[in-house]
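The values are calculated or read from the model by the stated rules, or taken from the named source; none is laboratory data. This one's a predicted model, so the numbers in the text were calculated from it and none came from an experiment. So basically every Cβ, Gly included, is an ideal-geometry build from the backbone, and we count neighbours across all protein chains shown. When the accessible area is computed, the model is the full protein with side chains, heavy atoms only, and any ligands, DNA or RNA have been set aside. Shrake-Rupley method; radii C 1.70, N 1.55, O 1.52, S 1.80 Å.
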Amino acid sequence: MIFVTGGAGFIGANFVLDWLRTSDEPVLNLDALTYAGNLENLAALQGDSRHVFVQGDICDRALIDRLFAEHRPRAIVHFAAESHVDRSIHSPASFVRTNVDGTFTLLEAARDYWSALDGEGRAAFRFLHVSTDEVYGSLGPNDPPFAETKAYEPNSPYSASKAASDHLVRAWYHTYGLPVLTTNCSNNYGPYQFPEKLIPLMIANALAGKALPVYGDGRNVRDWLYVGDHCAAIREVLARGRVGETYNVGGWNEMPNIDIVHTVCALLDELRPDAAGPHARLITYVADRPGHDRRYAIDARKIERELGWRPAETFETGIRKTIAWYLANQDWVAHVQSGAYREWLARNYGERRA
Ligand SMILES: NC(=O)c1ccc[n+]([C@@H]2O[C@H](COP(=O)([O-])OP(=O)(O)OC[C@H]3O[C@@H](n4cnc5c(N)ncnc54)[C@H](O)[C@@H]3O)[C@@H](O)[C@H]2O)c1
């Protein structure tokens with residue numbers, strides 16, 4: 001069995017669903033079900049005995065020890081995190097707690113469990129830490145993309161907390177020999193993404209005829225990867241990655257935010273035309289995010305060279321699938337858009353004047 005943390009969130013849920021579509025190896029899924037955790041993402045696994053869900057906190061050492069002892073996993077794939085940069089600016093404490101203390105707790109529990117395994121089990125065990133390209137900081141327009149050797153220069157409380165967790169993971173390998181792997185991935189998009197992030201927020205607002213808020217001048221550049229491709233990369237790294245190494249994962253697809261928004265609008269014009277006019281009429285520029293990194297770009301040659309992984313989707317195919325999914329799953333969106341989510345959006349965007 002593999003032990004997944006944060007498997008009710010966006011990427012974690014996609015990973016668990018893909019894993020059980022392509023393998024019969026059971027998954028132990030630990031998730032605290034914060035605002036970002038949504039069991040509806042895993043509805044397809046209801047009654048499936050290969051999926052064992054436990055609601056709990058990665059900072060709870062006694063719980064983690066018990067789960068390791070009861071389920072004897074061969075690997076842990078660690079997604080659980082506070083993940084939204086804007087939230088980290090408003091309230092950084094939960095980011096330090098979950099991303100730093102939580103990762104520390106998991107590392108310590110994994111180390112105790114792994115140390116007591118027999119020779120074969122010890123050799124096969126893996127701790128795969130899922131991280132982000134945001135730890136590398138911001139690039140100028142002509143800088144080369146982030147390679148694994150790039151110095152860490154995190155600029156937001158989110159990226160600083162993820163950078164700290166990456167350093168802990170690295171140290172547990174060098175100091176204790178824990179067999180770790182780290183992946184640093186660019187921006188993901190796809191089904192089940194919480195509609196506070198750029199692409200699902202734009203889809204939801206465009207369908208509702210609401211303003212499409214774009215930060216600053218909209219020229220911040222990100223690399224975008226379809227979530228299913230990220231999940232495939234993690235499976236490759238888990239199966240064949242070299243212990244102690246980090247692998248950058250990206251889509252070879254750098255785009256300014258405003259181009260993403262125009263692409264979403266154009267596809268919605270085609271798939272769900274609005275009698276009031278093109279969806280792009282709703283684009284509204286709002287005050288920029290403080291410390292907003294200008295550009296991220298990923299050099300994903302190492303994972304291709306060593307493990308043969310490349311994204312299967314282009315942005316054109318991935319974004320089309322994604323919009324089709326949101327159009328077909330409006331109930332999911334409506335359920336997510338209740339309660340805490342709406343309060344949060346009002347607080348975040350209410351303070352930003354056009
Ligand atoms: N979304 C992206 O574009 C992206 C890109 C690269 C890396 N990542 C990394 O991938 C991972 C998953 O990202 P995501 O977008 O799916 O995030 P998400 O916010 O959608 O999901 C995070 C999940 O972790 C759970 N969680 C939070 N705190 C917890 C705690 N203390 N104990 C147990 N569970 C807890 C939440 O309930 C949620 O289900 C994160 O580590 C993130 O840093 C994300």
Please work out which one of (1) free of Cβ contacts under 8 Å to residues at least 60 places away in the same chain; (2) within 15 Å of the ligand (Cβ to nearest atom); (3) touching a Pro at 6+ places or on another chain (Cβ under 7 Å) is the condition residue 134 fails and give its number.
(1)
Does residue 153 satisfy the condition of being open to solvent by 10 Å² or more (accessible area, probe 1.4 Å) and in contact with an Asp or Glu (Cβ under 8 Å, 6 or more places away or on another chain)?
no
Enumeration of residues in segment 111-150 that are open to solvent by 10 Å² or more (accessible area, probe 1.4 Å), within 18 Å of residue 64 (Cβ to Cβ) and within 23 Å of the chain's Cα centre (by Cα)
126, 130
Conditions (1) open to solvent by 10 Å² or more (accessible area, probe 1.4 Å); (2) of a type in the set (A, V, I, L, M); (3) within 27 Å of residue 147 (Cα to Cα); number of the one not met by residue 208:
(3)
Is segment 341-349 home to any residue that is more than 20 Å from the chain's Cα centre (by Cα), open to solvent by 50 Å² or more (accessible area, probe 1.4 Å) and at pLDDT 90 or above?
no
Are any of the residues in segment 280-293 of a type in the set (Phe, Trp, Tyr) and either open to solvent by 20 Å² or more (accessible area, probe 1.4 Å) or assigned to a helix (DSSP H, G or I) (or both)?
yes
Selected residue (criterion: farthest from residue 122 (Cα to Cα)) from residues of segment 169-178 that are touching a strand residue (DSSP E or B) at 6+ places or on another chain (Cβ under 9 Å) and open to solvent by 10 Å² or more (accessible area, probe 1.4 Å):
170
